[in-house]
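What follows is a short report on a single structure.
Read-outs throughout are calculated quantities, based only on the coordinates presented, and are distinct from any laboratory measurement. If you're wondering where the values come from, they're calculated on a predicted model, not measured in any experiment. Glycine also receives a Cβ, built like all others from the backbone with ideal geometry; neighbour counts cover every protein chain displayed.
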Amino acid sequence: MRQTIALAGNPNAGKTSLFNILTGTRQYVGNWPGVTVEKKEGRIRRLSDSLLVDLPGIYSLSAQSEEEKLATAYLLRETPDMILNIVDAANLERNLYFSVQLLEMGIPVVIALNMMDVAASRGIAVDGRKLEARLGVPVIPMIARKAKGQEELLKCLSHAAFPSSVKIPYPAPIEAAIARLAGILAAGDVRLAPSPRWLATMWLERNAVFDEYIRALLDPGVLAQMEQVRMECEGIPEFEIRNARYAWIERLLGEVAGHRTPALGRNWSDRIDSLVLHRYLGIPLFLAFMFVVFQITFSWVGTSLSDRLDVFISGPVSGGLQSMLIAMNSPDWFTRLMVDGVLAGVGAVIVFVPQIASLFLCLSFLEDSGYMARVAILMDRFMRAIGLNGRAFIPLILGFGCNVPAIMATRALDSPKGRLVTAFISPFMSCSARLSVYSLFVAAFFAKGQAVIVFALYLTGIVIAVLTAFLMKSFVRAEEGLFLMELPPYRAPMVKSLLLLTWDKAKGFVRKAGTIIFGMSVLLWFLGHFSIHGMAAMNESFLALVGGWIAPVFAPLGFDTWQAGVSLITGFMAKEVVVATMGIVYVAGESTLGALLRQAFTPAAALSFLFFILLYTPCLSTVVMMKKETGSWKWTLLSIVYSFAVAWIIAFIVYRLALLFD
Amino acid sequence: MRLSEYAVGKKARITRLSMTDANRKRLMDLGLLPGTEVEVVRKAPLGDPIVVRFRGYQMGFRLSEASHIEIVAVP
C-alpha cells in the first residue's frame, strides 16, 4: 500500500457519497478497536495503491464525543499520509473550523469542496481558487452525489500532497505559550508527526485524548514544564483559540464567498420546516407520513406486487419445477421435497420481497431527504419522558425495517445508557419480516379492516417499547447528555442511491431466503416426514413431537397445535421462517395456505397469535447483534426472557378480549 | 436574558455560556461563542426543543440547555 488517506468531515457534508464514489464496492466494514463505532475502509477504485479510511462524521477534534475521541486518537497514533477533508460549500463557516484544525496539524490535506450546487442555489458563490490560495492546499469543487469533480479529485490524490502553511494568528499570550511549549518539545527531543504548533494548541485547549496520549509518551520532567506553561497562560485558552479560528474563518469567507445568505432569509427549506415543525400540524403530519408509508407498503404498491409474484410462483414456477423433476426421472420423495418442502418454504418468503422493498424505499427516502432530523426534534419532548432523547427515535424507526440495523444505529447515540435502553426496546418495533406473518393471517382471517389490524400491531409494539423504556428509566438512569440535532436543509433524495440501497436490502433478504430458509425448509421437510419408525405421516413425525411438546404453553392463548409450536420455534431463526414453516407443516402452496389456516385457528386465536409473533423473542440475528452492541450477556438474556413473557401476557389478554367480542 | 426565553424571529448576541466545561467546548466548536449572533428560528410543537440559526445553519437545542446560554438583544 503506497498511501493511507483518511476521509474526514462534518456530519451531513456528503462523506458517505464521496466514500462510495471513490471506493465503489471495494469496502470493508469493521469496528474501531475497543468501541462499537463502525470503521469503513476501502481501496480507491482507480488508485489501487491507496487505502481510504472513513473517519466518523464529526464537528471538531475536541474529543468530547466518542466519535471525536476516536478520530483524534486515530490521527495521533496512526498518522495517515494524507487527509481528504470533505467540506460542505453551503455551510462553509462551521465546516472550515474542522478544516482549520486539520490544516494546523501539519499533515498533507486535500479539500473536497462538496455541494457546490446547493451553495449556488442558496445564493452563495464560493471561489475555489481563492480558497485554495488562502488555505495553501488543493481545493476541488465537487458535487459528490452526482459524482461531479471526481476526475480532478483523483488526479489530485495521485500527486504527492503537502502540508498547509496556514498559521492562525492567536492572541499574544497564547502565541507566547505556544512558543514556549514548542521550545520545551524541541528541547525534550520529542519527534511527533504533527506540527509542534498543533501539539501546543491541543495542549492549551486541554484536549482529553491528546492529554492522555502525550502523558504516556513524555517523561515527567517535560510534562511538568508543559503543565507550568498551561497554568501560567493568561485568559481562557480554550475560548480564545476557538474564537481566533472562527474570526480567521469569518475574514476568509469575506474574501472567498460572495453574497452570503442573510440570516433572516426564508428559503424553501425554511418554508417546509414551518409546516413540518408547525405547532399544531407537526405531529399530525408525522403520523400522516407514517400512515402513507404503511399504505404504500401494504395497500398501494407492496401487496399488489406481492400478490402477482405469488400467483407466478405457485402457478408456473411450481408446476414447471414439478414437471421438470418428473421429466428428469427424479425419485418421488425428492420431487416432493423440492416442491412441498423447498419451494413451499422459500416461495412463501420470497413473495414478501416487494413489500419489504417498498418499506425500505420509503424509510430511506425520509432519511435522505433530511426529514428524520426533524422527527428527532418533534419527538424529543416525548422521548424525554421515557428517559431518552429525540435522536433515539431514529434507530426505533429503522426497526420497522429490520431490528439488526436498528440496534446498530444506536451507536450514534452519545450516552452509553441511552444506547442500552434503545437497543433493548428496539426489537419491539415490528420489523418487516414479521410483516410476512401479518399479511398471511389478515388476508386469511379478516375480510375487512386488514390495514387497521396491522396498524394496531405496529402501535402495540411502540407502546410496549415505550412502557419498557419507562420501566427501565427507574433502573438504568440515562444521564442527560447535550442534545444537539442539526437540521440540514432538505434535499431531494437521489433516485439512484435510494434504489441501490433498497436493492441491497432486498438482496440480503433473498440471500437469507436462499440460505437459512432453504436449509430450514429441507430440515423441516425431513423432520415432518420421518419419525423413529422411518417415513411417517406428518402428524406422527418428529416435527409433530417437538411442536406438541411445547404446544401446551400456548393453550391459554388459543393456539396449542403442534404446527403453531413448530413455527414459533423456527421463527427464532428468522421471523420470516414462520410463514415458510406453515407452508410446510400444513402441506400447502401459497394459495391454499389461507384456507388451511382457517381450519386450524379461530379468528380470536389468529389475532392472539399475531400479537405473540409481534412481541416474542427477537430473531437470532437480532439477539447476536444485541450481545455485540450491549456487550452484555445479562442484558441479552434478559431481553429474550422479558420479550417472551410480555408476548405471552399480551397475547393472553388479546385472546380473552377477542373471545368476549367475538 | 437567556436564549430559552427569547422570542422567535429576533436576533440576539451570545454573552456567556454558563454550563459545564465539556458542554461549553462543544458549543464553541460548533461556532456558538460569546459574541456570535443567533436567531431562534422556531419552536417544536410543545415549545421544546427550539431551533436556533447561527453561522448560516440550524441546530436544535433543548430549553434546559438554551437556558444556560445568556444573550443580549441585537437591535
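What is the range A:286-661's relative contact order, in percent, from Cα pairs under 8 angstrom and six or more apart in sequence? Present the calculation step by step, with values, prior to reporting the outcome.
Working: 521 pairs, mean separation 76.4, N = 376.
Relative CO of the range A:286-661 lands at 20 percent.
How much space per residue, in cubic angstrom, does the convex hull of the C-alpha atoms of the range A:3-158 take up? Each step should come with its number before you reach the end.
Working: hull volume 16.0 nm³, N = 156.
Output value, Cα hull per residue: 103 Å³.
Using the per-residue mean of other Cβ atoms lying within 10 Å as a proxy for protection, in what order, highest first, do the peptides A:335-347, A:52-64, A:515-527, A:463-475 fall?
Ranking the peptides A:335-347, A:52-64, A:515-527, A:463-475 by packing returns A:52-64, A:335-347, A:515-527, A:463-475.
Take every DSSP beta bridge whose two residues both sit in the protein assembly as shown, then give the antiparallel share in percent to the nearest 5.
Looking only at bridges with both residues in the protein assembly as shown, the antiparallel portion is about 65 percent.
So for the protein assembly as shown, taking the charge dipole from beta-carbon charges (+1 Lys/Arg, -1 Asp/Glu), which of A:297, A:97, B:71 sits furthest toward the positive end?
In the protein assembly as shown, that residue is B:71.
Of the listed peptides A:85-92, A:647-654, what is their order by residue-averaged count of other C-beta atoms within 10 Å, with the highest listed first?
Listed from highest to lowest mean packing, they are A:85-92, A:647-654.
Given the range A:78-168 reduced to its alpha-carbon atoms as identical point scatterers, what log10 I(q)/I(0) does the Debye formula return at q = 0.13, 0.15, 0.18, 0.21 Å⁻¹?
Log-scaled intensity ratios, in q order: -0.40, -0.53, -0.76, -1.03.
Can you work out the base-10 log of I(q)/I(0) for the range A:172-258 at q = 0.15, 0.17, 0.25 1/Å, using the Debye formula on its C-alpha atoms alone?
Treating every Cα as an identical point scatterer, log10 I(q)/I(0) equals -0.58, -0.71, -1.29.
For the range A:3-158, what is the charge dipole size about the Cα centre, in debye to the nearest 20, if Lys and Arg each add +1 at the Cβ and Asp and Glu each add -1 at the Cβ?
I would put it at about 420 debye.
Going by amide H atoms built from the backbone, whose H comes under 5 Å of the H on residue B:58, apart from near neighbours?
Correct list: A:487.
I'd like the mean, over residues of B:16-29, of how many other protein chain beta carbons sit within 10 Å of each residue's own Cβ.
Mean number of neighbouring Cβ atoms from other chains: 5.
Once the Cα gyration tensor of the range A:286-661 is diagonalised, what are the square roots of 5 times its eigenvalues, in whole Å and ordered largest first, as equivalent ellipsoid semi-axes? Numbers along the way, then the final one.
On the way: eigenvalues 264, 115, 70 Å².
Semi-axes (√(5λ), whole Å): 36, 24, 19.
For chain B, which GluC sites (Glu not before Pro) pass both filters: DSSP loop (anything but H, G, I, E, B) and at most 11 other C-beta atoms within 10 Å?
Working: sites: B:5, B:37, B:39, B:65, B:70; in loops: none.
Within chain B, no GluC sites (Glu not before Pro) qualify (loop, at most 11 other Cβ atoms within 10 Å).
Apply the Karplus parameterisation 6.51 cos²θ - 1.76 cosθ + 1.60, with θ equal to phi minus 60°, to every residue of the range A:115-124 and state each ³J(HN,Hα) to the nearest whole Hz, in sequence, with x for glycine and proline.
6, 4, 5, 5, 4, 4, 5, 9, x, 10
Using the Cα centre as the reference, give the magnitude of the dipole from point charges on the C-beta atoms of the protein assembly as shown (Lys, Arg: +1; Asp, Glu: -1; all else neutral), rounded to the nearest 20 debye.
With Lys and Arg at +1 and Asp and Glu at -1, about 920 debye.
Treating the beta-carbon of each Lys and Arg as +1 and of each Asp and Glu as -1, no other charges, what is the dipole magnitude of the range A:125-237 about its Cα centre, to the nearest 20 debye?
Once rounded to the nearest 20, the dipole reads 620 debye.
Tabulate in residue order the Karplus-calculated ³J(HN,Hα) for the range A:51-59, using 6.51 cos²θ - 1.76 cosθ + 1.60 with θ = phi - 60°, rounded to whole Hz; enter x for Gly and Pro.
So the J values, rounded to whole Hz, are 9, 9, 10, 8, 7, x, x, 9, 8.
Mind checking B:32-44 for the average number of partner chain beta-carbons within 10 Å of each residue's beta-carbon?
4
Can you pull out the trypsin sites (Lys or Arg not before Pro) in the range A:407-470 that DSSP calls coil and that have at most 11 other Cβ atoms within 10 Å?
Of the trypsin sites (Lys or Arg not before Pro), the ones in loops of the range A:407-470 whose Cβ has at most 11 other Cβ atoms within 10 Å are A:448.
Need one word for chain B: rounded, prolate or oblate. Basis is the Cα gyration tensor (sqrt eigenvalues a ≥ b ≥ c); a/c below 1.5 gives rounded, then a/b vs b/c decides.
Rounded is the answer for chain B, as its axis ratio a/c remains below 1.5.
Largest first, please: the extent of the C-alpha atoms of the range A:540-662 along each principal axis, to the nearest Å.
Extents along the principal axes: 45, 33, 26 Å.
Residue by residue through the range A:208-225, what is 3J(HN,Hα) from phi via Karplus (6.51 cos²θ - 1.76 cosθ + 1.60, θ = phi - 60°)? Round to whole Hz and write x for glycine and proline.
3J(HN,Hα) across the range A:208-225, in whole Hz: 4, 5, 5, 4, 4, 4, 6, 5, 6, 9, 9, 7, x, x, 4, 4, 4, 5.
Could you list, bin by bin from short to long, the percent of Cα-Cα pairs of the protein assembly as shown in 10 Å steps?
Each 10 Å bin holds this share of Cα pairs: 3, 13, 21, 22, 17, 12, 8, 4, 1, 0.
For A:58-67, what's the mean count of beta carbons from other chains sitting within 10 Å of each residue's beta carbon?
On the way: counts 1, 4, 6, 1, 5, 2, 6, 2, 0, 0.
Taking all residues of A:58-67 together, the mean is 3.
How large is the helix-only mean residue ellipticity at 222 nm for the protein assembly as shown, computed as the sum of -39500 (n - 2.57) over DSSP H runs with n ≥ 4, divided by its residue count, in deg cm²/dmol to the nearest 500?
-17000 deg cm²/dmol
Please report the relative contact order for chain A, taking Cα pairs under 8 Å with a sequence separation of at least 6, and give it as a percent rounded to a whole number.
10
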